[in-house]
Amino acid sequence: MQEKTVSGFSKLSKVGKVRWVVETFFKDPENVSRELMSFWHEDEEQQRILDGFSENTISNYYLPYGVAPNFLVNGKLYTVPMVIEESSVVAAASSAAKFWLARGGFHAKVIATKKLGQVHFSWKGDSAKLFEHFDELEKRLRQDATHITINMENRGGGVLDIELLDMTHLEPDYYQLKVSFETCDSMGANFINSVLEEFGSTLEIFVQEHPAFKGEEKNLDVIMAILSNYTPECIVRAWVECPIEALGSGCDEMTPDAFAEKFAKAVRIAHIDPHRATTHNKGIFNGVDAVVLATANDFRAVEACGHTYAARDGQYRSLSSCSIENGQFRFWLDLPLALGTIGGLTRLHPIARRSLELLGDPGAEELMMVIAATGLAQNFAALRSLVTTGIQKGHMKMHLLNILNHLEASEREVAEAIEHFRDKVVSFTAVREFLKLFRAKKGSLA
Ligand code: MEV
């Protein structure tokens, strides 16, 4: 244990950090160190940029960067960049995009773009008095934060509402300032947190200096000032629709009617059952996260918010819904998404910058719509497979290819294996056996 602790690690050079890690934790330090360093960017400037995003970096962790073409969203065609390590996701998005391309594409609209933050504080006093002086306090809060808000105001954003909440029925002496913001094309985390911290200082000074507050009332203790990642009013809707008969060839051997009914039932099940809802929403986030990552947005924030939203009535439910009315199939997704296309890493990460360029340099609202459409496409593709052929058919081919790749199969062996496993269960052992036999047979013929 002792020899695995270290002090002053952050001050070591990068090579020094690699050395400590490999010598402390690995049996073959030379190899591991070579491997870690082989992933360093050959361009030192690029590496410096990447290292600047985090701390104690010793290497880069690569993920595949793919694109899903043919995404028609509100009449505009996009090729959507996706960063994801799971096979079949980009293929599924592409196939759903193509399917809906022929049926009017995706539609999307941003419903609202309000972000939220809170100053949580303790105060022992007559709450009526605090509310009585709230107008005065609000003016002071806004005034003191002008030096932070002025630029955002010039861009059309800033602080929207400030609400004082008495939470003492839940926790003694607990109050909250609930603040809403418009942050335009930036996600706005730094802006919001700076404003909230300033509000915290103003609050403390306000009660200290105001003659209406006496004795203990002069002591207000700010517990914390931080944005809320739950932004139910920063939300986008994406949908697809078509007459049922137009679903046509998308439905395997089922009739379009049977397919639509089965699909809608699968969505209803995800509304009823939290176990299914979790997997169903995971499928949506396969698409959402991949684009959020490709554009260097905060996928943890997006996930946390989406899942809270999915449980907004007290039970975790599907984020998407489906209706069949008057012969029309409609499938939609409501998703809270706090994103930025300026600020943060969006323009610093070299590939994220290219992702935005690939999407035609969208503003935050356009990006919200593209991402929601990608989530919906992913969800459509997953459900379409699930209610028709089952998910394993597509997955197994990728699984087979991964195993063959691992076993260094030749092109000919790959082709033979695909044919052989067309109607068989793929497993590592089965593929290894197949290759062994195939190679032996080939050897005996040679
Ligand atoms: C796999 O990553 C995602 C799915 O499980 C989603 C779903 O079940 O809807 C296929």
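The values are calculated or read from the model by the stated rules, or taken from the named source; none is laboratory data. Since the structure is predicted, the reported quantities are computational estimates derived from the model, not experimental observations. Cβ atoms come from the backbone with ideal geometry, glycine included; neighbour counts cover every protein chain shown.
Just wondering, is there one or more residues in segment 76-90 that are among the charged types (D, E, K, R), loosely packed, with under 12 Cβ neighbours inside 10 Å and more than 19 Å from VAL291 (Cβ to Cβ)?
No, the conditions are met nowhere in segment 76-90.
For segment 320-348, which residues satisfy the criterion of being touching a residue at least 60 places away in the same chain (Cβ under 8 Å) and either under 23 Å from GLY52 (Cβ atoms) or not in a strand (DSSP E or B) (or both)? Even if it seems obvious, please write down each step before you answer.
Let us first name the residues in segment 320-348 that are touching a residue at least 60 places away in the same chain (Cβ under 8 Å), namely 324, 327-345, 348.
Across segment 320-348, the qualifying residues are GLY327, LEU337, ALA338, LEU339, GLY340, THR341, ILE342, GLY343, GLY344, LEU345, LEU348.
Is there any pair linking a residue in segment 66-86 that is within 13 Å of ALA377 (Cα to Cα) to one that is of a type in the set (D, E, K, R), with Cβ under 7 Å and at least six apart or on different chains, and which?
Partner pairs satisfying both residue conditions: ASN70/LYS98.
Quick one: count up the residues across segment 293-304 that are in a helix (DSSP H, G or I), under 9 Å from the mean Cα position of the chain (by Cα) and either more than 16 Å from the ligand (Cβ to nearest atom) or surrounded by fewer than 20 Cβ atoms within 10 Å (Cβ to Cβ) (or both).
We begin by selecting, within segment 293-304, every residue in a helix (DSSP H, G or I); these are 293-294, 299-304.
Next cut, under 9 Å from the mean Cα position of the chain (by Cα) only: 293, 299-304.
After this cut, where a residue has to be either more than 16 Å from the ligand (Cβ to nearest atom) or surrounded by fewer than 20 Cβ atoms within 10 Å (Cβ to Cβ) (or both) as well, the list is 299-304.
The qualifying residues number 6.
Looking at THR389, THR346, THR374, THR341 in this structure, which one is under 30 Å from PRO256 (Cβ atoms), polar (S, T, N, Q) and under 20 Å from the mean Cα position of the chain (by Cα)? Quick ask: steps written out before the conclusion?
Working: THR389 fails: under 20 Å from the mean Cα position of the chain (by Cα); THR346 fails: under 30 Å from PRO256 (Cβ atoms); THR341 fails: under 30 Å from PRO256 (Cβ atoms).
The unique qualifying residue is THR374.
Note down all Cβ pairs under 7 Å where the first residue falls in segment 274-294 and is of a type in the set (Lys, Arg), the second is part of a helix (DSSP H, G or I) and crowded, with 20+ Cβ neighbours inside 10 Å, and they're at least six residues apart or on different chains.
Between residues of segment 274-294 that are of a type in the set (Lys, Arg) and residues that are part of a helix (DSSP H, G or I) and crowded, with 20+ Cβ neighbours inside 10 Å, the close pairs are ARG276/ALA270.
So which residues in segment 186-216 are surrounded by fewer than 20 Cβ atoms within 10 Å (Cβ to Cβ), of a type in the set (S, T, N, Q) and in contact with a Gly (Cβ under 8 Å, 6 or more places away or on another chain), if there are any at all?
ASN190, ASN193
Report whether or not ALA258 is free of Cβ contacts under 8 Å to residues at least 40 places away in the same chain, away from the ligand (no atom under 16 Å from the Cβ) and more than 30 Å from ASP126 (Cα to Cα).
Working: free of Cβ contacts under 8 Å to residues at least 40 places away in the same chain: yes; away from the ligand (no atom under 16 Å from the Cβ): yes; more than 30 Å from ASP126 (Cα to Cα): yes.
Considered against the rule, which asks whether it is free of Cβ contacts under 8 Å to residues at least 40 places away in the same chain, away from the ligand (no atom under 16 Å from the Cβ) and more than 30 Å from ASP126 (Cα to Cα), ALA258 comes out as yes.
Please enumerate the residues belonging to segment 333-383 that are within 16 Å of the ligand (Cβ to nearest atom) and among the aliphatic types (A, V, I, L, M).
Going residue by residue through segment 333-383, those that are within 16 Å of the ligand (Cβ to nearest atom) are 333, 335, 374-383.
Those that are within 16 Å of the ligand (Cβ to nearest atom) and among the aliphatic types (A, V, I, L, M): LEU333, LEU335, LEU376, ALA377, ALA381, ALA382, LEU383.
What single numbered condition from (1) assigned to a helix (DSSP H, G or I); (2) more than 16 Å from the ligand (Cβ to nearest atom) fails to hold for VAL425?
The number of the failed condition is (1).
Assess whether ALA311 counts as being surrounded by fewer than 17 Cβ atoms within 10 Å (Cβ to Cβ), within 21 Å of ALA372 (Cα to Cα), of a type in the set (Gly, Ala, Ser) and not assigned by TED's automatic domain parsing to the domain that holds GLY157.
So ALA311 fits the description; yes.
Conditions first: (1) of a type in the set (Asp, Glu); (2) surrounded by fewer than 24 Cβ atoms within 10 Å (Cβ to Cβ); (3) touching a Phe, Trp or Tyr at 6+ places or on another chain (Cβ under 8 Å). ASP289 passes all but one, so which condition is the exception?
(2)
Taking the options PHE199, PHE206, name whichever one is within 15 Å of GLY117 (Cα to Cα), touching a residue at least 40 places away in the same chain (Cβ under 8 Å) and in a helix (DSSP H, G or I). Spell out how you get there, then give the answer.
Working: PHE206 fails: within 15 Å of GLY117 (Cα to Cα).
Step by step, each of PHE199, PHE206 is checked, and only PHE199 is within 15 Å of GLY117 (Cα to Cα), touching a residue at least 40 places away in the same chain (Cβ under 8 Å) and in a helix (DSSP H, G or I).
Exactly one of (1) more than 30 Å from LYS115 (Cβ to Cβ); (2) assigned to a loop (DSSP other than H, G, I, E, B); (3) aromatic (Phe, Trp, Tyr) is unmet by PHE263. Its number?
Result: PHE263 fails condition (2) only.
Under 6 Å by Cβ, and 6 or more places apart or on different chains, what pairs join a residue from segment 384-402 that is within 12 Å of the ligand (Cβ to nearest atom) with one that is of a type in the set (S, T, N, Q) and assigned to a helix (DSSP H, G or I)?
The qualifying pairs are ILE391/SER385.
Quickly run through segment 45-85 and pick out the residues that are within 27 Å of GLU245 (Cα to Cα) and assigned to a strand (DSSP E or B).
Going through segment 45-85, the residues within 27 Å of GLU245 (Cα to Cα) turn out to be 68-78.
ALA68, PRO69, ASN70, PHE71, LEU72, VAL73, LYS76, LEU77, TYR78 - these are the residues of segment 45-85 that are within 27 Å of GLU245 (Cα to Cα) and assigned to a strand (DSSP E or B).
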